[in-house]
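Data first, discussion second: the structure below is written as structure tokens.
No lab work stands behind these numbers, since they all come straight from the coordinates. Keep in mind the model is a prediction, meaning the values are calculated, not measured. Backbone-built Cβ (ideal geometry, glycine too); neighbour counts: all protein chains shown.
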Amino acid sequence: MSYVTADHVAVALDYFAENTHPALLSVLAMLRHGVPSSVDNNDAIKFGSDVELQLMNDYFRPAGGPEARPYYFPFGTGYGYSHWRDRNYPGRTLHVQRGKNPLFQKHPTDNRRWTLAPNLPDAIANGPAEAVVGKVPLSVPHLAAWFYRDREIASWKEAVDSFVKEFRLQEYGLLPGVFTTAPAADLGGVSLSPDPIDPGELLVCLQAREPEYPEPLLEIEERNVSTASGPIALVHTPAAAPGDWAMDLSGLGNLCGLKGLEEPATRALAALAAGMHVIFTGPPGCGKTKLAACISERAGFPSWTVPATDQWTTFETIGGYFPTPSRDGGADRLDFLPGAVVDSIEKGQCLIIDEINRADIDKAFGELFTLLSGNTVTLPYRRRSADGDFRRVRLQVGSAVIEDVDADVIMVPDWWRIIGAMNDADKASLKRLSMAFVRRFAFVPIDLPSASIYETMIRDAGTGSEFDVAELLDTLVQLFVNADDGLSAIGLPLGPAFPLSIIRHVESEWRLDPTRSLEKVLASALELYVVPQFQGRHDLHEAATDFFSLLVPSEAEGLSRHLAVWTGYMPV
């Protein structure tokens, strides 16, 4: 199967400008609707602008057209006006045309019912070209190139036959006098394509035929106009993908040194390639944020990491008004400052949000729920443009869009993703993830490494140390790896980041003071890295105190006191 190309559409548009009249749209709408060609008023059937609008919705609404005028109307010369029309065009301009054109006959007592002129082929062929449909016979191949530009077709003949059938040309006797199915040499000289037209390429083709200063778009200025080929600068397209989420698994390599995370990496990459945003969940320190950055890097996408906090609002994610210095040295003025999400989109970076469940998601994401569902969203802010005007900030989803004179368009690439990391041990924050948020993400669990991998990681980290760390390593294996008598046993599993940090810290303390005992440096490291993970977990205080007393008995009292600061434990 094949598709019409942008070159075919360009040929058709040139043909329409020379050979068609705007009334052609009403004629085609009536033909498709089955309006009778009759002299008898009793044959009249209901017909109105809603039928014409449906035809415009089906074939005259290119993806990415201006928000206020989404319909591209190619029939006629244009007379220096923009080809873009709003949804009121049928009920306004076409309605007036129907009332003046003898081809369309309104019922004398019911203005909702119409017929076409009797002997329709003769009425069209013998009427003045400029007042009916255009220069006849009209070429069906050119019409099919425009109408079926997005449709998969087997051949030009199939497209032409489909047009003849859809618009009942044979039934009304309009072949071959009013319409002709003869092959068009200027179309046949361009091969069909195996791929559909890129929406951005189509918009550029359409905009190249806009007058430099189209009358209905008075606010278009010189900065938007290319003197070489028309105002094609009005077409916004998203940034090209610097990488590919659909990469082969082998491209992940050694996962940037992360061990035992092959399964979550595979799942996450599959979800990202399927168009989903992703959140890694798991114990603290198991490599969630590092894995997010690694997958982005290996897939070829730049990323930016930000930590979420419980103070986040839409100002931190979307943005808001903020005082900015005046360029002329005057007083500061308020302007829109993009937040992390909007900023990452503008800069072409995927956004990695660490500790995402620390934020009150509903409060922080606001209008972004619409964006995360794959829909365009216009933000409740205006941003100052280079000419000093304030335009609405719009996050535009899609492959291309025509600039709205009142919109500051930010294109959202289809490859842009949010990748979050969330500690599932942080029970107090889990309730903040509303279902509206959850259904927009794929949640990929990351468990602790298997006992053998975890122990190997700890012992490898101590290899080559200038100190005797054998006893320290044994203790850390007991603390972090053993499920029966370690932190996991009391309800707080922690990932490899913690024991590896403790090893480096102990070595650092011993360099500063080699006389320190193992218990003292271990207690110091536990207080700095492990104890804060018990924040708000007063239910674990007694079990943790007992456990630490076995590990560092000489430091147990002080460690327990400091632990209470984090757990909030109050003895009964």
message: With a cut-off of 8 Å between alpha carbons and a minimum separation of six or more residues, what is the relative contact order of the chain in percent?
response: 13
statement: The long-range amide H neighbours of ASP335, using H built 1.01 Å from N in the peptide plane and a cut-off of under 5 Å, are PHE322, THR324
- prompt: If you check each cysteine of the chain for another cysteine whose beta-carbon is under 4.7 Å away, which ones come up empty?
  reply: CYS205, CYS286, CYS350
message: To make sure I understand the rule: partners must be lysines, Cα under 22 Å from the Cα of LYS363, and not fewer than 8 residues away in the same chain. Which ones qualify?
response: LYS427, LYS431
field: Residue among PHE480, ALA523, VAL565 farthest towards the positive dipole end of region 451-567, charges placed on Cβ
entry: VAL565
message: Suppose the chain between GLU507 and ARG384 were pulled fully straight at 0.36 nm per residue; how much longer would it get relative to their current alpha carbon spacing?
response: 38.9 nm
task: Determine the distance separating the Cα centre of region 34-59 from the Cα centre of region 521-537; give it in Å without decimals.
output: 78
task: Identify, among GLY99, ALA470, PRO199, the residue whose Cα sits farthest towards the positive end of the charge dipole of the chain, taking +1 on the Cβ of Lys and Arg and -1 on the Cβ of Asp and Glu, with the dipole about the Cα centre.
output: GLY99
task: Step through the residues of region 120-125 one at a time and calculate ³J(HN,Hα) from phi using the Karplus curve (6.51 cos²θ - 1.76 cosθ + 1.60, θ = phi - 60°), rounding each to whole Hz and writing x for Gly and Pro.
output: 3, x, 5, 4, 6, 5
- request: Could you list which residues have their amide H under 5 Å from that of ALA442, counting only those 5 or more apart in sequence or on another chain, with H placed in the peptide plane?
  value: HIS277, VAL278, ILE279
task: Quick one: give the max-minus-min coordinate of the C-alpha atoms of region 451-567 along each principal axis, largest first, in Å.
output: 40, 32, 20
message: Can you compute the modelled spin-label distance between ASP485 and ALA208, with each label point 7 Å from Cα toward Cβ, in nm?
response: 7.8
task: Assign unit charges at the C-beta atoms only (+1 for Lys and Arg, -1 for Asp and Glu), then state the dipole size of region 6-236 relative to its Cα centre in Debye, rounded to the nearest 20.
output: 800
task: List every residue whose amide H lies under 5 Å from the amide H of THR20, counting only residues 5 or more places away in sequence or on a different chain, with H placed 1.01 Å from N in the peptide plane.
output: GLY76, LYS135
message: How large is the Rg to Rh ratio of region 6-236 when both quantities use alpha carbon positions and Rh follows Kirkwood?
response: 0.97
query: Rounded to the nearest 20 Debye, what is the dipole magnitude of the chain about its Cα centre when Lys and Arg each give +1 and Asp and Glu each give -1 at the C-beta?
result: 1880
- prompt: Counting DSSP beta bridges with both partners in the chain, what percentage is antiparallel, nearest 5?
  reply: 45
- prompt: What is the antiparallel percent of DSSP beta bridges lying wholly in region 374-479, to the nearest 5?
  reply: 45
statement: Of the candidate values (i) 21, 58, 21, 0; (ii) 17, 35, 26, 15, 7, 0; (iii) 17, 46, 33, 4, 0, the one computed for P(r) over Cα pairs in 20 Å bins from 0, in percent from this structure is (ii)
query: Restricting the count to DSSP beta bridges whose residues both fall in region 6-236, what percent are antiparallel, rounded to a multiple of 5?
result: 75
message: I'd like the trypsin sites (Lys or Arg not before Pro) in region 290-368 restricted to DSSP loop residues with at most 15 other Cβ atoms within 10 Å, sorted by number.
response: ARG327, LYS347
